[in-house]
Structures are given as C-alpha cells and as structure tokens.
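The values are calculated or read from the model by the stated rules, or taken from the named source; none is laboratory data. In this text the structure is predicted, and so the values were computed from the model without any measurement. Because the Cβ atoms are built from the backbone with ideal geometry, glycine has one as well, and the counts that use them run over all protein chains shown. The area values use the complete protein model at the heavy-atom level, side chains included, leaving out ligands, DNA and RNA. Shrake-Rupley method; radii C 1.70, N 1.55, O 1.52, S 1.80 Å.
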Amino acid sequence: MNQSSVIAKVSENDQELQLTHLERVNNITPFVEKIKETNLYPLKSKDIKIMQTNVGKVCNMYCKHCHVNAGPHRTESMNLETMAQCLRVLADTDITTLDITGGAPELNPHLPWFIEEANKLRRRVMVRTNLTVLSQPEYTHLMELYARHNVELVSSLPYYRDKDTDKQRGQGVFETSIQILRDLNNLGYSQKQSPLKLNLVYNPGGAFLPPAQHSIEADFRKELRDRHGIVFNNLLTITNVPVGRFLTFLHQSGNLPRYMDKLAGAFNPLAADRVMCRDMISVGWEGQLYDCDFNQMLGLNCQPGHIREFDLAALQQRHIELHNHCYACTAGAGSSCGGATA
Amino acid sequence: METYYNPADLAKFATVGEESPELWKKFMSYYGEVFKDGALTSREKALIALAVAHVVQCPYCIEAYTEDSLEKGVNEEQMTEAIHVASAIRGGATLVHGVQMKNIIKKLGF
C-alpha cells in the first residue's frame, strides 16, 4: 500500500477529520443556516416508521463511493445480543420496516436468524445486498432464504453497462451481478403476480448529480431486459453523499468545493421537508442510534444514544443532527435510501 | 500559468449581462426555454449541445454539457458518438467544399 492509500484509509475512518473537511468548504452557506432560511428549523423527527440497522462494515467489495468505508479489511459486525435488542424494539413499537444494511449484510453470520425473527413479528424486511456476495458458494443459499421470508431486496447496480459499473465497484462486478439478478428472477423476484420485490439502485459514477429517476429507470429497464433478460421492480436514484471514501475522493481529487457548490446550489426545500431521517432511526453495529447511516459514519449520535435505551416518544421529538453533507439529500429531486423524494 | 481560458471564469458568465441587462434577461429566458423537454427530451438536447460545443470549440460549454449529459444518465460511449457526429459534419463540410475547388480547377484549366 502506498503512502497516499494509507492517508486515504486514515481519513476515511477519522470522523473528526471528515467533519473538518466538510466544515472547511467555505464557498457554500452552511447547511444549518440554509435550513434556518426555511420554516423547517430545527429539523425534527416526525414518525419513526423505519429501523435501518447496519449489521457490520465487513464487505467482499471495496467501492469507490462507499460512505461506510466498508471492505474486506473491516471486522466490525453486529452481535446477536444487539440484534435481539433491535427485535425487542420492533416488537414493542409500530415501526413497520426493518431495513438491513452494511457492509455486506450477508457476511454477518447472524443475518438468517435476524431475518427469521423479524419475519415472525410480521414486519417488512429489506436487505441491501451488493449481489456479488451471493455468488460465493457459502452465501448462495441466502437467496432462497430471502425468497422464503419475502425479503425485499435493494441491490446496488450503478449502471446498465459493465464498464461504468466495474469502474466504480471493481472488475467483473457487473457480470457477476447480472448472473445473480438472473438467479433472483428465477426464484420469483420481480415476476408478475409474485410478491417478491427487487429494487435496483443507481448512484452517479463520480462527482455529479443523478439523472431524473423515471428517465434512467426506463433506460435500465430496457437495457437489462433486452440485453440480459432481467426484470426488476423499481430503480432508485441515490446522490453520492460526501462521507467516507467518497469524501476522501472529493478531497484528494480537488472536487470537494465544486461538488458541495453543486449540491448547495440545487437545494430544494421540498426535498428538505421529505428527508428520510425524519421517519427513520439508524442503528450502528454496536447498537448506537443515529438519524441516518451517514450521520452514523460521522459519529453524530442521537439521544437517547443506544438501542437498549430506545425511547420512541423521545426519539420522535428529537432534533436531527445537521451538517454540510445533508445537502446531498436535499439537492434537486432529493435523495434517500428509497430513492428520489421530491 | 496564465491562460486565456480559466475554468473559474464560467461562474462569472452572468457579469456579461451587466451593461445590457434587458438583452441578457431575454437571452437567459430564451436559453432556459430551449433546453426544456419538448419535442426533443432535455437529454437529447444536452447531447446536441455537447456536439455543438465541440464544433464551436468552447471549453466552457464542453465542461457544462459533459457534466449535464452525465447528470442526464448519458454514458461516455453515447457522448463519444455525439462528438463523432459533430466531427463527421465538420469533416464533411470541409470535404464538400472540394466541389468548389474542383469547379475552380475546371474553370481555370484547359
């Protein structure tokens, strides 16, 4: 590993340094001030309907845009006790959705148990999969488990061509992803009359905004069907958030001021009103609570701060922790883990 | 190194309107209308703009419409084909003037 790679790794993991980078962008109005110009300040939680649990930072891939800085070098993984605490909260509240993310959730050995138990609670269960992990023989069986438990899959596929996808996610990723998508279609995912849902995620291949969701979805649908015989339910467009590895890229490539200027210039008050953090709670691998997965990676805790102290009433009154990275969710058509918002 | 073209100057584009604000306003209003979805999609228009930008060799426009094309989901292969169209027309336009050349040769020669 050369020196710049070492520096990159250090900065990706250093939450304080990341916040400093974001604060030092002096060509934009700080996000907090921007929100004050609307009638949304202080931005408060509304009704928590989604629990997004990050079950670990371990991943078989090392994507250029990853805000988690996930990869094969990570070791953090949620234990059974923390998962049980999440399930207790689900059982005690009206939270409708368990959204499981990572890293690659499949690399957490307790994932099957977590899904089975959440399913018994009759909650909507979603898994954010990178697809390629499911090509590894020891994880292939999880596809059938997903289908059996009606797990909604959200799969990253940055583009409908191999060149663009592989550039962002690694050599050969597109081809492997296509094979897994075919397997999922064969299991009933996204087929007519089937309840099994498979949504794909587009994110830009660099420091620019995503296209209109409906427009790029039509391209994906046509290209994946015509070239590969693949069907899916919806395409979600997600703006790259300047956190983690993507922030390091912006900083090192000199794109940070320009990208932040673009995000801030595209501020949309309607998207600000609809940001996902207002109806979700994010749980870290050790059980800490956050407004979203991005705040989680920046170490911006909520209060109460841990799943074992979960207090729905208090959390539904909480003020969202805002920082300049929040501009990514409020730019243009808005962005969330469920795609465009405005 | 000092150059005639500076990327930061693109952000100063609006200063060109300072001495004739009414004309500027009309131009910008027209410009905005031109690029809206119409009989052509805004994506098709971005690709046309990208091709034309190469023909008129405007580095500001090339930067703006490369980024705009990316943000409309256009890939590098499609953008490259667009500038080949520009190149073909430009090259063809050069060659077709060869007819003029041949006319002169014919007129002046035995």
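Below is a table of values for the structure above.
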read-out	value
Cβ pairs under 6 Å, 6+ apart, first in segment A:76-100 and part of a strand (DSSP E or B), second of a type in the set (G, A, S)	A:S77/A:G56; A:L98/A:A118
Top-ranked residue of segment A:125-138 - restricted to ones that are touching a helix residue (DSSP H, G or I) at 6+ places or on another chain (Cβ under 9 Å) and part of a strand (DSSP E or B), ranked as nearest to A:R182 (Cα to Cα)	A:T129
Of residues in segment A:194-203 being closer than 18 Å to A:I230 by Cβ and open to solvent by 20 Å² or more (accessible area, probe 1.4 Å), the one farthest from the other protein chains (Cβ to nearest Cβ)	A:S194
From A:G265, A:G287, A:G299, A:G332, residue being of a type in the set (G, A, S) and more than 23 Å from A:L22 (Cα to Cα)	A:G287
Criterion: touching a strand residue (DSSP E or B) at 6+ places or on another chain (Cβ under 6 Å) and buried (at least 18 other Cβ atoms within 10 Å of the Cβ) - qualifying residue of A:N54, A:N69	A:N54
Residues of segment A:204-239 classified as within 12 Å of chain B (Cβ to nearest Cβ) and part of a loop (DSSP other than H, G, I, E, B), total	10
Residue in segment A:250-263 that is under 18 Å from the mean Cα position of the chain (by Cα), open to solvent by 50 Å² or more (accessible area, probe 1.4 Å) and among the acidic types (D, E) present	no
Identity of the residue in segment A:139-190, within 14 Å of chain B (Cβ to nearest Cβ) and not in a helix (DSSP H, G or I), that ends up most open to solvent (accessible area, probe 1.4 Å)	A:R161
Given (1) away from chain A (no Cβ under 14 Å); (2) part of a loop (DSSP other than H, G, I, E, B); (3) basic (K, R), number of the condition B:K36 does not satisfy	(1)
Matching option when the condition is of a type in the set (G, A, S) and either within 18 Å of A:G102 (Cα to Cα) or part of a helix (DSSP H, G or I) (or both), among A:A333, A:A313	A:A313
Filtered residue count, segment A:212-261, keeping only those that are closer than 16 Å to A:A331 by Cα and not polar (S, T, N, Q)	12
Total residues in segment B:24-38, condition surrounded by 11 or more Cβ atoms within 10 Å (Cβ to Cβ) and over 16 Å from B:I48 (Cβ atoms)	5
Pairs with Cβ under 6 Å, 6+ apart, first in segment A:272-291 and within 25 Å of A:L80 (Cβ to Cβ), second open to solvent by 20 Å² or more (accessible area, probe 1.4 Å) and of a type in the set (A, V, I, L, M, F, W, C)	A:M280/A:I50
Sole residue being at pLDDT below 95, open to solvent by less than 10 Å² (accessible area, probe 1.4 Å) and over 19 Å from A:K262 (Cα atoms), chosen from A:C337, A:C302	A:C302
Among (1) more than 14 Å from every other protein chain (Cβ to nearest Cβ); (2) in contact (Cβ under 8 Å) with a residue 60 or more places away in the chain; (3) open to solvent by less than 10 Å² (accessible area, probe 1.4 Å), the one test that A:R245 misses	(3)
One residue from B:A86, B:A53, B:A82, B:A49 being more than 26 Å from A:P210 (Cβ to Cβ), away from chain A (no Cβ under 14 Å), open to solvent by less than 50 Å² (accessible area, probe 1.4 Å) and assigned to a helix (DSSP H, G or I)	B:A86
Any hit, segment B:25-33, residues being within 14 Å of another protein chain (Cβ to nearest Cβ) and free of Cβ contacts under 8 Å to residues at least 40 places away in the same chain	no
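Table: residues versus (1) free of Cβ contacts under 8 Å to residues at least 24 places away in the same chain; (2) within 30 Å of A:R221 (Cα to Cα); (3) within 14 Å of chain A (Cβ to nearest Cβ).
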residue	(1), (2), (3)
B:V16	yes, no, no
B:S20	yes, no, no
B:S42	no, yes, yes
B:K45	yes, yes, yes
B:E63	no, yes, yes
B:V99	yes, no, no
B:F110	yes, no, no
